[in-house]
1. Can you tell me which residue is surrounded by the fewest Cβ atoms within 10 Å (Cβ to Cβ) among those in the stretch 223-244 that are over 16 Å from the mean Cα position of the chain (by Cα) and not in a helix (DSSP H, G or I)?
2. Run Thr204 past the list (1) open to solvent by 20 Å² or more (accessible area, probe 1.4 Å); (2) within 23 Å of Ile155 (Cβ to Cβ); (3) over 17 Å from the mean Cα position of the chain (by Cα) and report the number of the one that doesn't hold.
3. Go through Ala134, Ala159, Ala190, Ala206 for me and flag whichever is of a type in the set (Gly, Ala, Ser), more than 20 Å from Val120 (Cα to Cα) and assigned to a strand (DSSP E or B).
4. With respect to Ser25, is the statement that it is hydroxyl-bearing (Ser, Thr, Tyr), in a loop (DSSP other than H, G, I, E, B) and closer than 26 Å to Pro202 by Cβ true?
5. Could you tell me how many of the residues in the stretch 72-83 are out of contact with any Asp or Glu (no Cβ under 9 Å at 6 or more places or on another chain) and either assigned to a loop (DSSP other than H, G, I, E, B) or closer than 18 Å to Glu10 by Cα (or both)?
6. Among the listed residues Ala115, Ala145, Ala134, Ala149, identify the single one that is open to solvent by less than 10 Å² (accessible area, probe 1.4 Å) and at pLDDT below 95.
7. May I ask you to list the residues in the stretch 86-131 that are aliphatic (A, V, I, L, M) and either in a loop (DSSP other than H, G, I, E, B) or out of contact with any helix residue (DSSP H, G or I) (no Cβ under 8 Å at 6 or more places or on another chain) (or both)?
8. Among what's in the stretch 96-112 and is more than 12 Å from the chain's Cα centre (by Cα) and among the hydrophobic types (A, V, I, L, M, F, W, C), pick the residue that is surrounded by the fewest Cβ atoms within 10 Å (Cβ to Cβ).
Amino acid sequence: MEFSKFLQSESCRLPHYLLIGSPISHSVSPLMHNTALEHHGLKAEYHAVSVRNSEISSLIAHFNKLEFLGANVTIPYKETLFDAMDTLEVEAAQIGAINTILKRDAKIVGENTDAYGFKVPIEQYEDELAGERAIIFGTGGATKAISFALYEMGIKEIAMVSRRPGQYDLSEEIIMCNYDNWHAYAEEAAIIINATPLGMVPNTDASPVKEHETDILEGKICYDVVYNPRETKFLKQAKASGGIPIEGLDMLIHQGARSFKLWTGHEFPLGLIKMKLDDVFPD
């Protein structure tokens, strides 16, 4: 739903949580969070709203309404809304981007649960990642959280792949490269991550890896944060090339679980939610 239409709706006058981004029509976050709210008997609803840049001021004003209980933030506003918070939790401040908004003591608080959500599906590989290199396609708000998580897991160095690598001033542990030369850093990488929208519905034929580069994926952990479709082209390339594919749906679930606990104090009903998502994204 467009944010302007949401403001005019009956739902706006009832207790609610929001997913803020653009585009958001592909999102299953409303399914997850409304399932959890209903499971715990909580009198609120979760709505996905598409927000234009010109609406950011009115969005921030909306955060102060009593009916607004909290929000998730997705592309492209994880960094935009960072500076609009009254206060930031420690991890969000360290990452430099938010994906969760909550209300505490009449203050609007920014948090980041993406790093936690990213780590859960690859915890079993932590020993293999320690001291190694990672390659990340994309340099947005999600990449900041992913980098934070990787360093916590012991990754020594990150190569970030960008269309405009010269515009970033980053630490010594980060190498900037582009889509033409990233493979020069791939041989020594233990994990390759797609943190771009490439491959997301409706552009499911897209991948950050060109067809003649797919041999690079052999033996690598290949993690796609895109979850719709569940098996992206990048993950299909990884599977065909002997890589280890990690789908983005588990990251979505676990970052959502952490957000829900922050808002409500209740645990996500993970089994119930995974069952519903299996119906949406069958293997």
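The values are calculated or read from the model by the stated rules, or taken from the named source; none is laboratory data. As the structure is a computational prediction, the values presented were derived from the model and not from experiment. No Cβ is skipped: glycine too gets one built from the backbone with ideal geometry, and neighbour counts run over all protein chains shown. Note: areas computed on protein heavy atoms with side chains; ligands, DNA, RNA excluded. Shrake-Rupley method; radii C 1.70, N 1.55, O 1.52, S 1.80 Å.
1. Looking at residues that are over 16 Å from the mean Cα position of the chain (by Cα) and not in a helix (DSSP H, G or I), I get Gly242.
2. Exception for Thr204: condition (2).
3. After applying the criteria, what remains is Ala159.
4. yes
5. Total satisfying the criteria: 7.
6. Sole residue among the options that is open to solvent by less than 10 Å² (accessible area, probe 1.4 Å) and at pLDDT below 95: Ala145.
7. Val90, Ala93, Ala97, Ile98, Ile101, Ala106, Val109, Ala130
8. Per the stated criteria, the residue is Ala106.
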